[in-house]
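Chemist: Below you will find the structure I want to go over with you.
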Amino acid sequence: MPIDATQPYDPDNIFAKILRGEIPNETVYEDEHVLAFKDINPQAPIHVLVIPKGDYVSWDDFSARASDVEIGHFVRKVGEIARDLDLVEPGYRLLANIGGHGHQEVPHLHVHLFGGRPLGPMLARI
């Protein structure tokens, strides 16, 4: 069920539990600010979630409250992870869902990294 991205951070969300080591994951990359891991319900041959380690609900929250160092590091690491997974050529998709209309389901900022096959158009025309 989509969440309201304006709500306070929920420390019991699934990604917070993964960050605390309460739920296992298949880590792709980790450092002091970022964790990337394989999605347990992949929508493409390569489907990795990249999350900041800070308590950020959404991209809006992250861009408003995170330090310049955290933001720059996160953006650079998403690109580095895509390169490490050999996704730059032939291409890949990044997706960050924010709030109810964006169908955000976990109240912790996360970027989906999809690749490994042609992904088709993202949205139907209205």
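Read-outs: derived from the displayed coordinates by stated rules, not from any lab. Quick caveat, the model's predicted, so the values are computed rather than measured.
Chemist: Would you pull out the residues with amide H under 5 Å of Val28's amide H, same chain only if 5 or more places away, H placed 1.01 Å from N?
Modeler: Sorted by chain and number, the residues that satisfy this are Ala36, Phe37, Lys38.
Chemist: Tell me, what ³J(HN,Hα) does each residue in the range 109-121 have, in order and in whole Hz, if you take phi through Karplus 6.51 cos²θ - 1.76 cosθ + 1.60 with θ = phi - 60° and put x for Gly and Pro?
Modeler: Per residue, the Karplus-derived 3J(HN,Hα) values read 3, 8, 10, 8, 10, 10, x, x, 6, x, 9, x, x Hz.
Chemist: Could you state, as a whole-number percent, how many of the C-alpha pairs of the chain are farther apart than 18 Å?
Modeler: Details: 4190 of 7875 pairs.
Here the tail beyond 18 Å accounts for 53 percent of pairs.
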